[in-house]
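Undergrad: Below is a structure I'd like to ask you about.
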């Protein structure tokens, strides 16, 4: 009995324990991404040939104390390496893990390599060659804490590389994960049942299934093995095991009656799938056909299994169209696939929620580094269920009808159509031409996460139909309080930019990359007021964001504009907005600065000042914290100092229940007029606290 370990992807350990036990291993014990066992050599050979789940099988040569690099070197050198392989064989070292002393796997591999080479020199006077490309011997080292396992990789190349799939790019699913999915789905225990993959891609799931159904060893066609140049290799024993496997495969291929169907909308990928199946020797068993998964033909008469790895986007922007895909799948399964079992691999619970199916079981797996969920469903008769989210859809239709006339009169291209009108659907929805931006407010702690997620699914499923837009043109964001640097951090790199119009001004909006799009829609009427009152004025815009107020001032005939913000990104955006409107000249200045510090040092005079400060800021780029309620008198003191005698200040903020210190303002010699109602347009009528606004003048 020899000691071995088999590496496996995280999440497959318990499946591998069962598989190794069935193949004859003893003392089988799982670890993290590894299973340890003992076996005779013939059993180890069978495991190398037959394991569908392992990544590599390693014969343990020694276990040693490895607190330091010197201990690793000494321990490895102490192994009698000529008893493992000869100097004529080239080798490589694979090193996994680390500890306090060994933090770099390459350094660990180097110490092992040095120990092996020096051991050969001392024992035989010559040394083997180190080869990084297709070495004949692979030494596998696993360091956990202060213990190092040193072993011989018996399988050589990774076991998921069956040989039937040519590597032409990043593979969507490794073969051993596909085998695990088939086992967890239940189909592997009933391989005579039909198997359909409506997203078959390069065919991995179906090919692995066909190999199972025909009793074909997954590595039967492998030509090079890690034990080929091992001194302890027994070629006759190996040939017996290999011959037995070939006989089983030939018999299984002739007896297999299972029906396999693979569909995919991508014809190029289907051609690759057919080539892969041919290389695997199972092309005669699998029926590949082109087609959209949202319009599957009626299922075969004999119920079986649908097992698939449908697309799941890693960006939030992919979500709306994917939700519609999953919702369509769920509707089809409930309508036509009664009696079938469905297993779907997915990385996002929201997508599975769109199926509107109750999972029998769910398993956590890993597709590479990505955590995914395999959900199993039993489709029953009469499972269509009721419609969800209709109350939201009805409210959205009502809002659209109410806003339709106003939008047409104003010539508005961007407006809000919904703002948490129904508390259970806690989102804001804005239209930008024919694009939709959905901002999900963080749900209250009293609402369970799963319930909030399901409500968002309802929203995203109804939006395209009600608003008559393509699901691909729906963009989703999660809105939460941003502080400091977070106010300027990007959300995405998609950079979807539009040019939109508003009262004669043109603006660039970015729908994807930031939390806000570059245009605060609730300030629309405030910007129009600025345009109507800026003629011949020296205009100052503080906390300017993307400079939209400055653009309106310039279009309204301002003599000069000064745009101040501490973000380079937003100032460049402001300059681009000026360029889009063909506004240029030295009279338009853009200043990057801490607005409060700049204001304190300002010695210029302005006729019209617009300021929309943050409610609170503790950005590291600001010299001190700012609270609009606490500091607004100080702010007005500074603004009064630079305001010309006949000038005006338009002051806005977004703090709910903000209270202007009217006595303090009067004591400063300013008169404040509340214009909040006048600056709120019909699309924000429900949210009276979206912003507060005042116009301030010197007291005459």
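The values are calculated or read from the model by the stated rules, or taken from the named source; none is laboratory data. A quick note: this is a predicted structure, and the numbers were derived from the prediction, not measured. Here the Cβ positions follow ideal geometry from the backbone for every residue, glycine too, while neighbour counts run over all protein chains shown.
Undergrad: Take the residues in segment 271-304 that are touching a strand residue (DSSP E or B) at 6+ places or on another chain (Cβ under 7 Å) and within 25 Å of residue 370 (Cα to Cα); name whichever of them is surrounded by the most Cβ atoms within 10 Å (Cβ to Cβ).
TA: Filtering first and then ranking leaves 273.
Undergrad: Hey, could you check segment 633-665 for residues that are out of contact with any strand residue (DSSP E or B) (no Cβ under 8 Å at 6 or more places or on another chain) and assigned to a helix (DSSP H, G or I) and say which is farthest from residue 559 (Cα to Cα)?
TA: 663
Undergrad: (1) at negative phi; (2) out of contact with any helix residue (DSSP H, G or I) (no Cβ under 8 Å at 6 or more places or on another chain): which one isn't true of residue 368, the others all being true?
TA: Status for residue 368: all satisfied but (1).
Undergrad: Further question: Give just the number: which of (1) surrounded by 24 or more Cβ atoms within 10 Å (Cβ to Cβ); (2) closer than 25 Å to residue 690 by Cβ; (3) touching a strand residue (DSSP E or B) at 6+ places or on another chain (Cβ under 7 Å) does residue 561 not satisfy?
TA: Of the numbered conditions (1) surrounded by 24 or more Cβ atoms within 10 Å (Cβ to Cβ); (2) closer than 25 Å to residue 690 by Cβ; (3) touching a strand residue (DSSP E or B) at 6+ places or on another chain (Cβ under 7 Å), the odd one out for residue 561 is (2).
Undergrad: Next question, about the same structure. Tell me, yes or no, whether segment 112-131 has at least one residue that is surrounded by fewer than 21 Cβ atoms within 10 Å (Cβ to Cβ), on the phi > 0 side of the Ramachandran plot and outside any helix (DSSP H, G or I).
TA: Within segment 112-131 (the criterion being surrounded by fewer than 21 Cβ atoms within 10 Å (Cβ to Cβ), on the phi > 0 side of the Ramachandran plot and outside any helix (DSSP H, G or I)), the answer is yes, since at least one residue qualifies.
Undergrad: Considering only residues that are in contact with a helix residue (DSSP H, G or I) (Cβ under 6 Å, 6 or more places away or on another chain), under 26 Å from residue 673 (Cβ atoms) and surrounded by fewer than 21 Cβ atoms within 10 Å (Cβ to Cβ), which ones fall in segment 506-535?
TA: The answer is 522, 525.
Undergrad: Please work out if residue 102 is at pLDDT below 95 and surrounded by 19 or more Cβ atoms within 10 Å (Cβ to Cβ).
TA: yes
Undergrad: Does residue 558 satisfy the criteria of being under 22 Å from residue 529 (Cα atoms) and assigned to a loop (DSSP other than H, G, I, E, B)?
TA: Yes: the conditions hold for residue 558.
Undergrad: Read through the list (1) out of contact with any helix residue (DSSP H, G or I) (no Cβ under 6 Å at 6 or more places or on another chain); (2) surrounded by fewer than 21 Cβ atoms within 10 Å (Cβ to Cβ); (3) not in a helix (DSSP H, G or I), then give the number of the only condition that residue 64 fails.
TA: Residue 64 satisfies every listed condition except (1).
Undergrad: Additional query: Does segment 673-695 contain any residue that is free of Cβ contacts under 8 Å to residues at least 40 places away in the same chain and over 30 Å from residue 417 (Cβ atoms)?
TA: Within segment 673-695 (the criterion being free of Cβ contacts under 8 Å to residues at least 40 places away in the same chain and over 30 Å from residue 417 (Cβ atoms)), the answer is yes, since at least one residue qualifies.
Undergrad: Still on this structure, I have one more. Considering only residues that are surrounded by 21 or more Cβ atoms within 10 Å (Cβ to Cβ) and either under 39 Å from the mean Cα position of the chain (by Cα) or closer than 30 Å to residue 178 by Cα (or both), which ones fall in segment 67-99?
TA: 91, 93, 95
Undergrad: Another question, if that's okay. Could you go through segment 605-612 and let me know if any residue there is in contact with a strand residue (DSSP E or B) (Cβ under 7 Å, 6 or more places away or on another chain), more than 20 Å from residue 672 (Cβ to Cβ), assigned to a helix (DSSP H, G or I) and assigned by TED's automatic domain parsing to the domain that holds residue 534.
TA: Scanning segment 605-612, I find no residue that is in contact with a strand residue (DSSP E or B) (Cβ under 7 Å, 6 or more places away or on another chain), more than 20 Å from residue 672 (Cβ to Cβ), assigned to a helix (DSSP H, G or I) and assigned by TED's automatic domain parsing to the domain that holds residue 534, so the answer is no.
Undergrad: For segment 432-442, does any single residue satisfy the condition of being in contact (Cβ under 8 Å) with a residue 60 or more places away in the chain, surrounded by fewer than 17 Cβ atoms within 10 Å (Cβ to Cβ), closer than 17 Å to residue 325 by Cα and not assigned by TED's automatic domain parsing to the domain that holds residue 516?
TA: Within segment 432-442, none of the residues are in contact (Cβ under 8 Å) with a residue 60 or more places away in the chain, surrounded by fewer than 17 Cβ atoms within 10 Å (Cβ to Cβ), closer than 17 Å to residue 325 by Cα and not assigned by TED's automatic domain parsing to the domain that holds residue 516.
Undergrad: I'm trying to understand the selection: among the residues of segment 178-211, which are farther than 16 Å from residue 374 by Cβ, out of contact with any strand residue (DSSP E or B) (no Cβ under 8 Å at 6 or more places or on another chain) and surrounded by 20 or more Cβ atoms within 10 Å (Cβ to Cβ)?
TA: Answer for segment 178-211, where residues must be farther than 16 Å from residue 374 by Cβ, out of contact with any strand residue (DSSP E or B) (no Cβ under 8 Å at 6 or more places or on another chain) and surrounded by 20 or more Cβ atoms within 10 Å (Cβ to Cβ): 202, 211.
Undergrad: Sticking with this structure for a sec: When residue 135 is evaluated against the numbered criteria (1) assigned to a loop (DSSP other than H, G, I, E, B); (2) crowded, with 17+ Cβ neighbours inside 10 Å; (3) touching a residue at least 60 places away in the same chain (Cβ under 8 Å), which criterion, by number, is the only one it fails?
TA: For residue 135, the failing item is (3).
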